[in-house]
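This report concerns only the one structure given below.
The values are calculated or read from the model by the stated rules, or taken from the named source; none is laboratory data. Only a predicted model underlies this, so the values are computations on that prediction, with no experimental measurement involved. Backbone-built Cβ (ideal geometry, glycine too); neighbour counts: all protein chains shown. Note: areas computed on protein heavy atoms with side chains; ligands, DNA, RNA excluded. Shrake-Rupley method; radii C 1.70, N 1.55, O 1.52, S 1.80 Å.
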Amino acid sequence: AVPEIVAGPEGQTAVATAPGADTVVTGVVGCAGLLPTVEAIKLGRTIALANKETLIAGGPAILPLLKKHGAKMTPADSEHSAIFQCLQGVPPGALRRVILTASGGAFRDFSAAELRKLNAEQPDVVRAKATTHPNWDMGAKITVDSATMMNKGLEVIEAHYLFGAGYDDIDIVVHPQSIIHSAVETADSSVIAQLGWPDMRLPILYAMSWPHRVHVDYGRGIDEKFDLVKLGSMSFKAPDTDKYPCIELAYAAGRKGGSMTCALNAANEKANELFREGKFDFFGIPKVIEQTMAAHERDFKLDPSLEDIIATDEWARQQVVEEAARLAKAPVLL
């Protein structure tokens, strides 16, 4: 049979609802993945979630849909897969704390003062470095999110929706080697971590094969056996919120809940894009996001519908464009 080629938003929905699928992997970047995922949920399919924004923007509407249609959601993102794996066998109510690990992105070896100085003197050098990740080969948008650590802030919100952890019980730790992919602390104070070489194939495989464990051969499914002796050592430090103001913006949006996480996510997507286009410097990203969140207070909804979420997404993107224009007129970028 000749394969049917589909494209655009309608094509994404067609793929998500194609006959015969039990599991749908949603890996569309940004809020564009929301509606196809909703249609797959309505069919009761298992969602292997590689698209953060589905829960970050749509969490208030998505969680009731999952329950209504009896659909399951498994995380394909590295950190959330790690948490999910650590929680296998942990009884309900026994999760005490989530520990999200972060590589630290392109600027992890810079102090906040060094980064601000470089940004002021050579903003284009910072822009070029922000699109290069030290550990992972990812798309431009996600690499910049890693440089600002907004990706980790978004993962905090996603962890809240996926695992029911309160925001005071989700910690971020910078771990440059990216060997511990995340960890959980249980009610009795035991800490369970998931380790391995940085390799996205395992979380994607587990998202599709759960609750089973599929045998993979070294050199084929996984490059080489994990070796603690070869690893030698690991290091950890707290994230510097002066260098990474996006982290605190994400926690603030998460605690506010409702449509604010959607506004944060959409503002970040647009700010990220405008930064890469050279519309403002690196620290302009959190600035325009913060201003957009403040402006959203007027239309904030605690219990938004899917339509409210889509409207907030569109509004926030336009608001960032307006905030960027105001920022361009400012004599100094802070």
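Explain nothing, just the number: dipole magnitude of the stretch 57-127 about its Cα centre with +1 on each Lys and Arg Cβ and -1 on each Asp and Glu Cβ, in debye rounded to the nearest 20.
Computed charge dipole of the stretch 57-127: roughly 460 debye.
Can you classify the stretch 1-74 as rounded, prolate or oblate using the Cα gyration tensor, where a ≥ b ≥ c are the square roots of its eigenvalues, rounded means a/c under 1.5, and otherwise it's prolate if a/b beats b/c and oblate if not?
oblate
For the stretch 188-242, what size does the Cα cloud have along each of its three principal axes, sorted from largest down, in whole Å?
Rounded to whole Å, the extents work out to 40, 29, 29 Å.
Give me the compactness ratio for the stretch 271-334, meaning the Cα radius of gyration over 2.2 N^0.38 Å.
Here the Cα radius of gyration is 1.20 times the empirical estimate.
Would you kindly give the portion of the calculated P(r) for the stretch 1-150 that falls above 23 Å, as a percent of all Cα pairs? Could you put the intermediate results ahead of the total?
Details: 5717 of 11175 pairs.
Result for the distance tail: 51 percent.
For M73, list long-range residues whose amide hydrogen, built 1.01 Å from N in the peptide plane, is under 5 Å from its own amide hydrogen.
I47
Tell me, what HN-Hα J-couplings in whole Hz come from the Karplus equation 6.51 cos²θ - 1.76 cosθ + 1.60 at θ = phi - 60° for each residue of the stretch 181-193, using x for Gly and Pro?
7, 3, 8, 10, 10, 9, 4, 8, 6, 5, 10, 10, 10
For K301, what accessible area in Å² do you get when you roll a 1.4 Å probe over the heavy atoms of the protein chains, rounding to the nearest 10?
Taking all protein chains as shown, K301 has close to 90 Å².
Under the definition of Cα pairs under 8 Å and six or more residues apart, what whole-number percent is the relative contact order of the stretch 189-326?
Result for the stretch 189-326 is 23 percent.
Over the stretch 123-211, how many percent of alpha carbon pairs lie in each 10 Å bin up to the one with the longest distance?
In order of increasing distance, the bins hold 13, 40, 36, 10, 2 percent.
Tell me the per residue accessible area of the stretch 145-229 using a 1.4 Å probe; a whole number in Å² is fine.
47 Å²
Normalised by the residues of the chain, what does the relative contact order come to in percent, with Cα pairs under 8 Å and at least six apart? Could you put the intermediate results ahead of the total?
On the way: 538 pairs, mean separation 61.6, N = 334.
About 18 percent, as a whole number.
Taking only DSSP H segments of four or more residues, each worth -39500 (n - 2.57), what value at 222 nm results for the chain once the sum is divided by all its residues, to the nearest 500 deg cm²/dmol? If you can, show how the numbers build up before the last one.
Numbers: 14 runs with 164 residues, N = 334.
After summing the helix terms and dividing by the residues of the chain, the value is -15000 deg cm²/dmol.
If you take all C-alpha pairs in the stretch 102-258, what percent of them are over 18 Å apart?
Value for the stretch 102-258 (Cα pairs over 18 Å): 66 percent.
Distances longer than 30 Å among the Cα atoms of the chain: what percent of all pairs is that?
Here the tail beyond 30 Å accounts for 36 percent of pairs.
Over the Cα atoms of the stretch 219-334, compute the convex hull volume and normalise it per residue, giving Å³.
Values: hull volume 21.7 nm³, N = 116.
Taking only Cα atoms, the stretch 219-334 has a hull volume of 187 Å³ per residue.
Quick one: which of 192-200, 159-167 comes out on top by average Cβ neighbours within 10 Å, and what's the full order, highest first?
159-167, 192-200
Pull up the DSSP beta bridges for the chain and report the antiparallel fraction as a percent, rounded to 5.
Once the DSSP bridges in the chain are tallied, antiparallel ones form about 45 percent.
Using the Karplus equation 6.51 cos²θ - 1.76 cosθ + 1.60 (θ = phi - 60°), what ³J(HN,Hα) coupling, rounded to whole Hz, does each residue of the stretch 299-316 give in order, writing x for Gly and Pro?
My calculation for the stretch 299-316 gives 10, 4, 10, 6, 10, x, 7, 4, 5, 4, 5, 5, 5, 5, 4, 5, 4, 5 Hz in order.
Take peptides 207-214, 280-287 and line them up by average Cβ neighbours within 10 Å, highest first, as a rough protection proxy.
For the peptides 207-214, 280-287, the packing ranking is 280-287, 207-214.
Take every Cα pair under 8 Å in the stretch 44-169 that's 6+ residues apart, average their separations, divide by the length, and report that relative contact order as a whole percent.
Computed over the stretch 44-169, the figure is 28 percent.
Give me the number: length gained by fully extending E4 to M200, i.e. 0.36 nm times residue separation minus the C-alpha to C-alpha distance, one decimal in nm.
Extra length available between E4 and M200 comes to 67.7 nm.
Anything over 26 Å Cα to Cα? Flag those among K152/K256; K243/K329; K52/K329; K141/K243; K67/K141; K52/K230, in the order listed.
K52/K329; K67/K141; K52/K230
Quick one: Kirkwood hydrodynamic radius for the stretch 51-137, alpha-carbon pairs, angstrom, one decimal?
Hydrodynamic radius (Kirkwood, Cα only) of the stretch 51-137 equals 16.7 Å.
Show me, for the stretch 13-22, the HN-Hα J-couplings you get by feeding each phi into the Karplus relation (A = 6.51, B = -1.76, C = 1.60, θ = phi - 60°), rounded to Hz, glycine and proline as x.
Using θ = phi - 60°, the values come out as 5, 4, 5, 5, 10, 4, x, x, 8, 8 Hz.
Name the long-range amide H neighbours of F283: under 5 Å, sequence gap of 5 or more, or other chain; modelled H, no Pro or chain starts.
none
Can you list, largest first and rounded to whole Å, the semi-axes you get for the stretch 210-277 by taking the square root of 5 times each eigenvalue of its Cα gyration tensor?
Values for the stretch 210-277, descending: 37, 20, 16 Å.
Please sort 248-259, 63-74 by packing, taking for each peptide the average over its residues of neighbouring beta carbons within 10 angstrom, highest first. Numbers along the way, then the final one.
Details: 248-259: 20.6, 63-74: 14.3.
Descending packing order for the listed peptides: 248-259, 63-74.
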